[in-house]
Structure formats: C-alpha cells, structure tokens
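The values are calculated or read from the model by the stated rules, or taken from the named source; none is laboratory data. Please read these numbers as outputs of a predicted model, since none were measured by experiment. Here the Cβ positions follow ideal geometry from the backbone for every residue, glycine too, while neighbour counts run over all protein chains shown. SASA here: full protein model, heavy atoms, side chains in, ligands and nucleic acids out. Shrake-Rupley method; radii C 1.70, N 1.55, O 1.52, S 1.80 Å.
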Amino acid sequence: MDASQSNAPKSATLTIGDESWELPILNGTIGPDVIDIAKLYGQTGKFTYDPGFTSTASCESQITYIDGDEGVLLYRGYPIEQLAEPGDFLETCYLLLYGELPTAAQKADFDYRVTRHTMVHEQMSRFFHGFRRDAHPMSVLVASVGALSAFYHDSTDISDPQQRMIASIRMIAKIPTLAAMAYKYSIGQPFVYPKNELDYASNFLRMCFSVPCEEYKVNPILSRAIDRIFILHADHEQNASTSTVRLAGSSGANPFACIAAGIACLWGPAHGGANEAALKMLGEIGSVDRIPEFINRAKDKNDPFRLMGFGHRVYKNYDPRAKIMQRTCHEVLGELGIKDDPLLDIAVELERIALQDEYFVERKLYPNIDFYSGITLRALGFPTSMFTVLFALARTVGWIGQWKEMIEDPSQRIGRPRQLYTGATQRDYIPIARRK
Ligand code: CMC
C-alpha cells in the first residue's frame, strides 16, 4: 500500500475472545505497510509466531529495497541495472554507506581511503599458516575476518562515528586481500600483496592469479565482469546473513566479529553456497538429455533434490541480478574464447524447460543470481570452493552498511526473539540411582 494514500488505515484491530487492541500501521516510502506489534506482549501477554520470518520486518532500513513480485532491486533508490552498467563497485560501496552517489571528488577521496587500507597486518600471514592446507577457504575467511577484531582495537569503540567509519573502510579494503590469501593458501602459492595503482577488482584478480615468477596483466573485460559481480552481490536487505550481522551487532559486539558471523551464515547451501551447489548440479546432470530426469526429481516431494539456483524467498519473478549475471556470463565466455561450454548449454536448456513447467510456474520459481554465477566464476578461473568467498567479499559492504545503520538508529536495542515453547513442563530432578 502506498504511504501517500491518505485514506489508508492507520491501525489494525486484533481481537482475542471479547477483547480488542488497536495496533498501529506504519508506512514505508514503498513496499508493504507493517503492523507495529512492539507492545503486543505487554498488552496481550501473547507473542507472534513466524518461524523463518516470512511476515516479519525485523528493522527499519533505508539501504536496499526489493520488490519480489516485480523483480526489482534498488540500492538507495537506484535500480541495480543502472548501477551495474556505468558505475564501479567502489561507487556502489560509497552509495550504500553514505546514502548518495559520490561526486567525482568524493569518489576519488573514497577510492584513496579504501586503497590505503588494503594491506593486512603481517602477523596475519602467520595466523593463516595455522590452518590445514585442505581447509575450505570459507572456513579460513570466517576465522581470519574474526581475527581482525584482535588486530584493530582502536576501531572497537562503536559509539564513535569516526571509528565506525574507519572499521567500515578497513573491512571493505581488507576483505579482498584476505579472500585472495585464503585462495593462495589453499593452492600452496605465496600470498600476493595488494597493488594500490590497480582498481578494486583488478587488484583482487591479481592477488588471486599472479605468481612472483611471472608478469601478470589484468584483462580489463574480466576485471569489469568481476566488478559487476561484486555490485550485484553488494546488498540484499534483511537476508539471513545480514540479519545475523545485525543480531550479532545488536549486543554491541566488535564489528569484525559481527562480519565473521555473517560470513558463517552465508556459507550454507540455501544462501551463499547455492552458486557452488548450482554448478555441481549442472555437472551432475551432465548432458541436456538428462534434464527431464532432474526436473522430475526436483518435483518429487520424496526426493530431497532441488534445482539449485532456482527459487527465492523474496523474488517471485525473475531475479533482476540473474539477468545481468546471464549477460556477464556470455561476455566472459566470449572474451575467453569458450565457444561451447556444456554446462552453459545445460543451464540454458534447464532454465527454458523449468520456466515452462507447471510446477515451477505455479510456485513462481525463477532462476536466481546463483544460477549463472557459478559458470561465470569457473570460467574466470576460480575453483568452486571460492565461489561463496567471492559472494562474502562483495556482501561485506552491505553487512557493514547495515551494521552501521543499526548502531546509528536511536531506537536500536539488543535483538531478542521469543519462542513457542513445546518442551516438558516443570518437573523434579531424580537422582541417577533412582532413574529407570
Ligand atoms: N527446486 C524445486 N522446488 C523448489 C525449489 C527448487 N529450487 N525452491 C522451492 N521449491 C518448492 C518447495 O518445495 C515448495 O513447494 P511446496 O509448496 O509444494 O511445498 C515451494 O517451492 C516453496 O518453497 P519454500 O522452500 O517454501 O521457499 P523458501 O522461500 O523457504 O525457499 C529457497 C527459498 C531459496 C531456500 C529455495 O527456493 C531453494 O532451496 N532454492 C534452491 C537454493 C538456492 O538457489 N538458493 C539461493 C538463493 S538466492 C541467493 C541468496 O540470496 O542467498
């Protein structure tokens, strides 16, 4: 309902038995109105029940807006399509953090500030050497980002706006360095220090793919592609990992530790791990003629198999990021001269068949961003174990922006959901000798 509709109801009435309560209705600038239940327990002695938060707005935010039915994604009001084409990732970071697009001078200053924080403390490299060689890069990233909290005590006073901003810039600047170190460690190659003359995406590609014994020239088309992938993943309002960061931060915890909590949440296959799972699934399907078999498995309620990269909690239409990702995928394969990628052929055909199938149409299951990102990242040279790491790198700005917004919200309190208790009622302890 539009906030400008003056005849829109201002409250909702809740009736339980013969008692009624008026609950205020709050309007956003766009999107559904919300029923304010903050005082519900105090007034009625009852909680609401919403596992998975499908009908619950957990906070007020001005950063990102999604219209899942229309397939719209806005960062600070700007459609993702407009930001992904002409701009670069650091411009999106500035927009998400400050709320406005930067002027040329502001952008140059921001780029400078981020670039000057790209190195990590040298002791961090010794920290890395404590991991097993075969550790998953996501486990290394969770731990190393958490470890930043031990390295930057001076930015832990979260009540100081300047320290909050320094922590934010440090996070955005250091996450590519840590992500690249996690990769290099996993393949047994030396860490590559950041090179500040390069842009954010090119520097990251160089830290991942260069070796000290050879010159490395960044391909501008590929660095543009990775930059666009970062923009597409930068924020996505109150998803599981962002809500995790907010909840962890709501207790006043160290921001680097909160981002580590977000990375841990992102790792799961239902969230950031889906691009890895989607690529594995395409490999498992193996050939176009086996698609019907897998479509049938996805529809079979007795089979746990799902089409990875399909469906979304919020998008009940084509994910706008998936369209840009599909284009980027073709660009990357074109630039690398990959004319026939069997996995891309399977993906295109799978999408075509699923979009015509009644099961998927009825449930509004469309490809999400992860459907094409795996093929693209693999073509760029990343192993599947790095896919979620790249997602975490890009989402860091969203997490830190949402964390900052929460800390700066005067109504902010510690997050403390309640429960519907269905366990044992009170009973008396029985000494072990008397138990049967
Ligand atoms: N394949 C087959 N059936 C599906 C799928 C799928 N990928 N996704 C949902 N369904 C069915 C589901 O079985 C249910 O059917 P029914 O109503 O008959 O029981 C119906 O669609 C609704 O599904 P749901 O599980 O209630 O929906 P949800 O909002 O809880 O789940 C989701 C959203 C993304 C976890 C789910 O669609 C899924 O598991 N997709 C595959 C994993 C994936 O691609 N995840 C990436 C999400 S996008 C990246 C990100 O933002 O992190």
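Accessible surface of segment 343-394, 1.4 Å probe: 50 percent of it comes from carbon and sulfur atoms.
Okay, helix-only estimate at 222 nm for the chain: each DSSP H run of n ≥ 4 adds -39500 (n - 2.57), divide by all residues, round to 500 deg cm²/dmol; what do you get? It would help to have the intermediate numbers written out before the result.
Values: 18 runs with 216 residues, N = 436.
Rounded to the nearest 500, it is -15500 deg cm²/dmol.
Give, rounded to the nearest 20 debye, the magnitude of the charge dipole that the chain has about its Cα centre when Lys and Arg contribute +1 at Cβ and Asp and Glu contribute -1 at Cβ.
1700 debye
Contact order normalised by length for the chain, with contacts defined as Cα pairs under 8 Å and 6 or more residues apart; what percent is it?
Numbers: 591 pairs, mean separation 82.6, N = 436.
Result for the chain is 19 percent.
Restricting attention to segment 267-426, lysine pairs at least eight places apart or on different chains and with alpha-carbon atoms under 21 angstrom apart total 10. Note on residue 100: accessible area is roughly 120 Å² with a 1.4 Å probe, heavy atoms of protein only. Within the shell of other residues whose beta carbon sits under 15 angstrom from the beta carbon of residue 11, the net charge comes to -1, with Lys and Arg scored +1 and Asp and Glu -1. Using the Cα coordinates of segment 345-414, the gyration tensor eigenvalues translate into equivalent-ellipsoid semi-axes of 34, 21, 7 Å, sorted from longest to shortest.
Please report the relative contact order for segment 19-75, taking Cα pairs under 8 Å with a sequence separation of at least 6, and give it as a percent rounded to a whole number. This gives 18 percent for segment 19-75. Near residue 39: Cβ cut-off under 12 Å, other residues only, Lys/Arg at +1 and Asp/Glu at -1. The net charge is -1. Name the most mobile residue of 188, 17, 42, meaning the one with the largest mean-square fluctuation, in a Gaussian network model of the chain with Cα contacts below 10 Å. Greatest mean-square fluctuation among the candidates belongs to 17.
Note down the net charge around residue 374, summing +1 for each Lys or Arg and -1 for each Asp or Glu among other residues with Cβ under 9 Å from its Cβ.
Computed value for this residue: 0.
Within the full protein context, the accessible area of residue 349 is estimated at about 50 Å² for a probe radius of 1.4 Å. Ranked by solvent-accessible area (1.4 Å probe, protein heavy atoms only, all chains present), the residues 165, 124 order from largest to smallest as 165, 124.
As a ratio to 2.2 N^0.38 Å, the alpha-carbon radius of gyration for the chain is 1.07.
Against the criterion of solvent-accessible heavy-atom surface with a 1.4 angstrom probe, 376, 425 sort, most first, into 425, 376. Per residue, segment 15-147 exposes an accessible area of 59 Å² to a 1.4 Å probe, with every protein chain left in place. The dipole here belongs to segment 22-135: it is taken about the Cα centre, uses +1 on the Cβ of Lys and Arg and -1 on the Cβ of Asp and Glu, and is about 760 debye. Rolling a 1.4 Å probe over the protein heavy atoms gives segment 257-379 an accessible area of 45 Å² per residue.
Relative to the current alpha-carbon distance between residue 10 and residue 317, full extension at 0.36 nm per residue lengthens the span by 107.5 nm. Quick check on segment 301-436: take the gyration tensor over C-alpha atoms, sort the square-rooted eigenvalues as a ≥ b ≥ c, and tell me if it's rounded (a/c under 1.5), prolate or oblate. Judged from the Cα gyration tensor, segment 301-436 comes out prolate (a/c at least 1.5, a/b above b/c).
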